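Novice: Just dropping this structure here.
The values are calculated or read from the model by the stated rules, or taken from the named source; none is laboratory data. Here the structure is a predicted model, which is why all the values come from computation and not from measurement. Positions of Cβ are backbone-derived with ideal geometry, glycine not excepted, and every protein chain shown enters the neighbour counts. Each accessible area value is taken on the protein alone, full model and side chains, heavy atoms only, with ligands, DNA and RNA left out. Shrake-Rupley method; radii C 1.70, N 1.55, O 1.52, S 1.80 Å.
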Amino acid sequence: MTEPESPPERADILRGALEVVEVEKAYHTAHHQVRVLAGVSFGLGAGEALCLTGPSGSGKSTLLHVIGGLEPPTAGHVALDGRDPYRLSEPELARFRNSEIGFVFQDHHLLPQYDVLRNVLLPALASVGRLHRAERAALEDRARGLLAAVGLAQRAGHRPAQLSGGERQRAAIARALINRPSVLLCDEPTGNLDHGTAEKVADLLFELHRAEGTSLVVVTHARELAFRFRRRLDLVDGKCAQV
Amino acid sequence: MRDTLRYYWRSHVAVVAGATVATAVLTGALLVGDSVRGSLRELALDRLGEIDHALLAEGFFREELARSTGGVPVVLLQGAAVSPGTGLRASGVNVLGIDGDYAALYPEVDAGSLDLSRAEGQFFPSVVINTTLQRELGVAEGDQVLLRLGRPADVPRETLMGSTEASDVVQTLRVAVRSVIPDRGPGRFGLALHQSVQRNAFLPLADLQRALDQQGRVNGSLYRAIEGTAIGGTLSSTADGGQTAAAAREALLREHLALDDLGVEAVESDSVVVVRSREILLRPALEEAVRDFARDQGLAQLRVSTYLANLTRRVLDDSPDGTPSFRDGTPSPELYLPYSTITALSSPLPEGGGQLLLVDGTPAPDLGEGEVFVNEWAARDLGVRAGDRVTVTYWEVGEREELTPRDETLRVAGVVRLSGLGADRGLAPDFPGVADAGSMSEWDPTFPVDLGLIRDRDEEYWDRWGAAPKLFVAEEVGRRLWGNDRFGALTEIRLVAQSVPATAEATDDSEAPREEPAAELASQLRDRLAGDLPLRAAGLSVVPLRSEALDAGQGATDFAGLFVGFSLFLIVSAILLVALFFRLGVERRVREIGLRLAIGEGTRRVTRGLLAEGASLAALGAALGAGAAVAYAAAMVFGLRTLWAGAVGGADLRLFVAAPTLILGALGSLLVVLVTLAVGLRQLARRPVVPLLRGEVSGRTAGEARGRTAREARGRTAGEAPRVRRLRIWFLSFLSIAAGLFAGSFAVDSARAAPLFFGLGAALLAAGLSGFLWLLARHAHDAQGAGALLGAGRWRRVAAMAAANLTLYPGRSLLSVSLVASATFVIVAVGAYGHDFRHSPRDRSSGTGGFQLVAESDVALFHDLGTPQGRAELGFDDEEGEPIAASTVMPFRLLPGDDVSCLNLYRPQQPRLLGVPRELIERGGFSFQQVLSDGAADEEPWRLLEQDLGPDVVPAIGDFNSVTWILHSGIGDEIVVEDDAGRPLRLRIVGLLRKSLFQSELLVSEAAFLRHFPTRSGYRFFLVDAPPGREEEVAMALEGKLDDFGFDASSAAERLQSYQAVENTYLATFQTLGGLGLLLGTFGLAVILVRNVLERVSELATLRALGYRRATLGWLVFAENALLLLAGLTLGTLAALVAVAPHLASGGALVPWATLSITLGLVAVIGLAASAAAVRQVLRAPLLPALRAE
């Protein structure tokens, strides 16, 4: 499956309009400065999908972290639905990440001590207080629904160690979507997977993107995956070019 | 390897630091042992100067004997000192009469400091005192001091002829302080093996001899080592070496011994040698030796025992019941004979030894049982003749020296002439106060007399015949009536130099009668007695002071072992930290290990290489630790001099550093560390290669992993994980065991409580730990449904997540909690075993036995404080004696010896003994930890002292602590001491008292005491049961009136507390060092935490990315460590409190709640602070790199 032509199912509540303006990022070492991003600018409409490609070390993951509120830019700014996360305090920023951003990493980063269901629920527990029974039920239903959506309904009680690589990544995708984020940021989501599994994970991403109405930004150097996006940006030497 | 060491230097520094601490603590503890031994040895050598051994006497011997054998003559006495100026007094003062030669025994001391010459215008003799005595008396040079001494007596005071008059017993000397010497060298001299400083007073020998009426005589001689037998003064010197030197000295002494030195007098008279004792009665050993001599020489002998008949009456008729009666019941001057001597003679009378003729001129026949000869004067006086009966009234001397009149009716077998033995005034010994009296009315005897009974004709007899006996009985009758097993029965033995064989035995043994001139016979007797008579039998002993002191200086308590024990948690913590640091360092290189294994480098080779690295680090740590050990030991010794001074009785300890100990300690630590590292490496190397290559450090071995997966698969279908179920079963099982033991510990007596305590503690800890694991596992299992997390509030959720995280590394979690819980358990439990005895002094089953006062006197008391007569004899009038009359005073006989309590650091050589009076045996009291019986004596364990265990075995009771830890003996074991005659006496331990005030001595029955230590006269130890509220009044009454005796009364509870103070100090030391160990363990926990966090950095970064706040993550990580720490502290504390509950319920427990709370609180605070610091450090680190694609 390629990126769906049709707009997301819930276009009425679309969020996730992303604005990246002249973002620069530099790291300082003892003797010199490494400039990773050199004035990257682009925009993404709510509910749209974008693929970032480029060679290793081109700054793809850094750009994703900057967008996701994990790493402030050295210059320029980013805004999600008009909000610049780096103007927020640390608690507000955490809440922002929790509610607006969904992360999927190349290495799934599932917590080994929790079962799959609890891993999926983790973002939901970060900022809420005590939940009433109805809320608990709704949340658990949502998590189970997501697991069903990613094909892991029967694996909810398993630990990550008991899952295959593809299953782990699917669980990570479910986790990223639990809080209905505005934007789903995926960093090499198929990087550790074989061709077949990577294909299935990509299908899943697009399905959920459409179903949840979430904007989608995927960093990859996998050509197969990149070609499935209608909109791609290629990062070279810290600058991006529309492909 | 050098490159590797350099590359990983940071983690290696931690390993080296851990090894340094472990070595420092272990070696330091050993050095503490060296320091205590070294200090004791130094103190012993300091107090003895050049003195190697001593000749000590119960009585006095010729000063010449000391000089002729190369000794320094001294008079050694114990007494009390009083300052008239300050009113202060000191008891237990060593009073030494010395001459100029004494100072030479201390070459390092300025001889001038012992100058005892009188200053110009000084009237009283000089005294030099040591600083301790000066401080106690508050006197200065020139001040006067009163010394009160026990006056030595030739005649045992507890015989009829011995004086117990207070004025005869105590000698008071007024002296002037000439100078004060420091508490070193002679200032520390003393015979007692104890680390405490003695109170010493030195007087001019001649002045002291004159005051004691012992001119030219001394009771001690101090010797340097005989050439070739010197004790080198090294720690390797043994008691055997000292005994050899003492034997050599004894041989030399015997060459110079005179009969006088043995207390024997040999009077030559014609062909007869009369052997007498200065003590009047010939000690049994002396009697035996003289009789053996006579037998061996084929000499006839006449054994004589002369006593006093207070009253002799003629029996006029018999009452119907057969008892003699007199005409009117009241003796009339016509019918009685007052104060006659009565002599028992052996039979047959030897030829040449004097004749005893009947009035008809025929030799008197042998007397039989119940028969008496009356001399013609007495027969005439009483109007008796052969066949009549007379009743003799005499004094029987009781065990308490009380005199009881006894009557014995004898049949007159004949009337003897007043000639030969019948008129021999020499048959009567020189009764003190009698022999030198010009007339009977001038008698001033040691026994009560009614001079009003004496008639004119008695005076006439005295004028003409003196103390010549008027009555004669057979030897056996004399022994039966007034014979004394303790002091002897005979007053003299006459050896007939020119005689025919006296006995059939002698006839068989010798071919012909022997003819020996008396002088030669006396000389032979001297040679025989000087050569063969055991010195102890004559009251002499050669004591190898130096070797005894050095042997005792090895110490009764192994302080090295003690401090290793005290520091155990420190050592274990340090070693675990070393293992942990090393393991963490190795785990950083887990991929390298995996790679090396993958390329075929072999497990052994990889392990060996890593172990070599560890060994080099441990060796460096051990070397550094050996240096640090000196500092640690110095700190411990400083603690023992100050904070924990109670544990060493205030001994002046110094740090001693022995190179072998340093090497031994360092090697020992190195070995322990290496074994620990090897075990850890072995586990790591057994892991499958693939996980290692992936960098997985906390996996299981391949086999374990397969087994677990299968179990988990089964568990999911069964509903409850098998692991959870298994842990629950373990928890409930241990809890049930603990409950059973807990109930049992209230049911058994405390003698059997120790095993239950340990069992209960172990069961509680096991239950707690399995319960902790069970909760963790259940939590992890329950969380499968996520309901717990969703339903919880924010903080509970953090705690729940932390608990879940702990299940990641259950091994680490269990290790952490176990370490903290075990350390806490021991610290709390040990602390709870402190004891305060000051609150139950009236409880008979308590350590005081229900007595409120305990007292000792420097000079023995010979009168019973429990009777009005005894109090009157001691100078109490009715008013003064009232508080004492209202009290119960139990007197004990005392054999001075080495303090066997924990207050004495030296190893006791001859324990101090107390003779337990019958009243206490009947009264009972105190608590027994253990008794040696078949159950019959359980009700009255004191009765065990009255068992007959054979001639050389005496049942003894001791305090459990003293017997176990100081004498290193136990119930049923025997402790061999020397009796009065120098024979080995086996004290069999038949009972062990629990925490009693008898911790300084062993106890035997008074009867056994008297049997084996007959010369130890009087009472010097007392227990007083005073009326409630009048304890102080009683103590003051006793001390005030008995001041001359050096009577010192103190609170029994405080005496008991002083012993307990040592134990309490040990407990405090253990707690302090245990607390340090716990702190170190807490530090280890923090390290585990950091490690956990580092291993989970990507997890934490993920949570950050998912929207968790930095602070929330901080709390999460902090909560994990806090859970471990608090779980350990809580488990340990609860288990300890439950385990010691029976002890606490028994009352008297002195739980240092404040110290305990502070220690544990400090551990908690420092542990949490360390955790917080570590968390902060970790969370500061950038997390993003962990999220990047790997």
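Novice: Determine, from the Cβ-Cβ distance of A:Arg223 and A:Glu22 and an R0 of 35 Å, the FRET efficiency 1/(1 + (r/R0)^6), rounded to the nearest 0.05.
Specialist: Numbers: r = 29 Å, r/R0 = 0.82.
After rounding to 0.05, the efficiency reads 0.75.
Novice: Based on alpha-carbon centroids, what's the gap between the stretch B:93-107 and the stretch B:1101-1130 in Å, whole number please?
Specialist: 75
Novice: Given an 8 Å cut-off on Cα distances and at least 6 residues of separation, report the relative contact order of chain B as a percent.
Specialist: Contact order relative to length: 15 percent.
Novice: Another question, if that's okay. When the helix-only estimate is applied to the protein assembly as shown (DSSP H runs of n ≥ 4, each -39,500 (n - 2.57), divided by the residue count), what is the mean residue ellipticity at 222 nm, nearest 500 deg cm²/dmol?
Specialist: -14000 deg cm²/dmol
Novice: Using Cα pairs closer than 8 Å and at least 6 residues apart in sequence, work out the relative contact order for chain A, in percent.
Specialist: Result for chain A is 32 percent.
Novice: How much accessible area does A:Cys51 have with a 1.4 Å probe, in Å² rounded to the nearest 10?
Specialist: Accessible area, nearest 10 Å²: 0 Å².
Novice: Just to verify a number: FRET efficiency for B:Ala645 and B:Ala747, C-beta to C-beta distance, R0 = 35 Å, to 0.05? Can you show the working numbers first?
Specialist: Working: r = 40 Å, r/R0 = 1.14.
FRET efficiency, B:Ala645 to B:Ala747: 0.30.
Novice: Now, a different point. Can you give the extra length, in nm with one decimal, that the chain gains between B:Arg983 and B:Arg10 once fully stretched, where that is 0.36 nm per residue apart less the Cα-Cα distance?
Specialist: 343.4 nm
Novice: Return the whole-Å distance between the Cα centroid of the stretch B:389-467 and the Cα centroid of the stretch A:156-232.
Specialist: 128
Novice: At a Förster radius of 56 Å, what calculated FRET efficiency corresponds to the Cβ-Cβ distance of B:Leu1137 and A:Leu88, to the nearest 0.05? Please list the in-between numbers first.
Specialist: Values: r = 51 Å, r/R0 = 0.91.
The calculated FRET efficiency here is 0.65.
Novice: Taking both sides together, what accessible area is buried at the A/B interface, probe 1.4 Å, expressed in Å² and rounded to the nearest 100?
Specialist: Values: alone 11710 and 49300 Å², together 57410 Å².
The contact between B and A buries close to 3600 Å².
Novice: Another one. Given 0.36 nm per residue, what is the gain on full extension from B:Arg654 to B:Phe758 after removing their alpha carbon distance, in nm?
Specialist: Fully extending the segment from B:Arg654 to B:Phe758 adds 33.8 nm.
Novice: Do any residues of the stretch A:96-114 lose at least 10 Å² of accessible area when the full set of protein chains is present rather than just their chain alone, and if so which, with a 1.4 Å probe?
Specialist: Those residues are A:Arg97, A:Asn98, A:Phe103, A:Phe105, A:Gln106, A:Asp107, A:His109, A:Leu111, A:Pro112, A:Gln113, A:Tyr114.
Novice: Could you provide, to the nearest whole Å², the per residue accessible area of chain B with probe 1.4 Å? Intermediate values should be presented prior to the final figure.
Specialist: On the way: 47440 Å² over 1190 residues.
Value returned for chain B: 40 Å² of accessible area per residue.
Novice: Go through B:Val931, B:Val416, B:Val13 and list them by solvent-accessible area, largest first, probe radius 1.4 Å.
Specialist: From most exposed to least exposed: B:Val13, B:Val931, B:Val416.
Novice: May I ask you to list the trypsin sites (Lys or Arg not before Pro) in the stretch A:85-171 that are in a DSSP loop and have at most 16 other Cβ atoms within 10 Å of their Cβ? The partial results should precede the final answer.
Specialist: Details: sites: A:Arg87, A:Arg95, A:Arg97, A:Arg118, A:Arg130, A:Arg133, A:Arg136, A:Arg142, A:Arg144, A:Arg155, A:Arg168, A:Arg170; in loops: A:Arg130.
Filter output for the stretch A:85-171: A:Arg130.
Novice: Starting from the Cα of A:Ala161, step 7 Å toward the Cβ, then list every residue of the stretch B:1092-1121 with an amide N under 19 Å from that point.
Specialist: B:1092-1100
Novice: Here's something else I'd like to know. Test of understanding: extend the Cα→C-beta vector of B:Arg455 to 7 Å, then name every residue of the stretch B:353-376 with backbone N under 18 Å from that spot.
Specialist: B:374-376, by backbone N distance to the label point.
Novice: Roll a 1.4 Å probe over the protein chains and send me the accessible area per residue for chain A in Å².
Specialist: 41
Novice: Using the Kirkwood formula on the Cα atoms of the protein assembly as shown, what hydrodynamic radius do you get, in angstrom to one decimal?
Specialist: On the way: mean 1/r = 0.0250 Å⁻¹.
Across the protein assembly as shown, the inverse of the average 1/r is 40.0 Å.
Novice: Can I ask one more? Just to verify a number: what accessible area does A:Lys239 come out at with the full protein assembly present, 1.4 Å probe, Å² rounded to tens?
Specialist: About 120 Å², rounded to the nearest 10.
Novice: What dipole magnitude, in Debye to the nearest 20, does chain B give about its Cα centre under +1 on Lys/Arg Cβ and -1 on Asp/Glu Cβ? Mind dumping the intermediate values first?
Specialist: Numbers: 113 positive and 140 negative charges, 2655 e Å.
Taking the Cα centre of chain B as origin, the dipole is about 12760 debye.
Novice: In whole angstrom, how far apart do the alpha carbon centroids of the stretch B:873-932 and the stretch B:7-59 sit?
Specialist: 37
Novice: Further, regarding this structure: Over all distinct alpha-carbon pairs, what is the Kirkwood Rh of the stretch B:1-100 in angstrom?
Specialist: For the stretch B:1-100, inverting the mean 1/r across all distinct Cα pairs yields 20.0 Å.
Novice: For the pair A:Asp81/B:Glu946, report the inter-label distance in nm, with labels modelled 7 Å from Cα in the Cβ direction.
Specialist: The two pseudo-label positions are separated by 10.1 nm.
Novice: I've got another one for you. Return the distance in nm (one decimal) between the two label points of a simple spin-label model at B:Glu64 and B:Glu974, each offset 7 Å from Cα along Cα→Cβ.
Specialist: About 4.3 nm separates the two model spin labels.
Novice: What ranking of B:Met1036, B:Met890 comes out by heavy-atom accessible area, probe 1.4 Å, highest first?
Specialist: B:Met1036, B:Met890
Novice: Would you mind telling me the share, in percent, of accessible area of the stretch B:386-448 contributed by carbon and sulfur at probe 1.4 angstrom?
Specialist: On the stretch B:386-448, the fraction of accessible area on carbon and sulfur atoms equals 43 percent.
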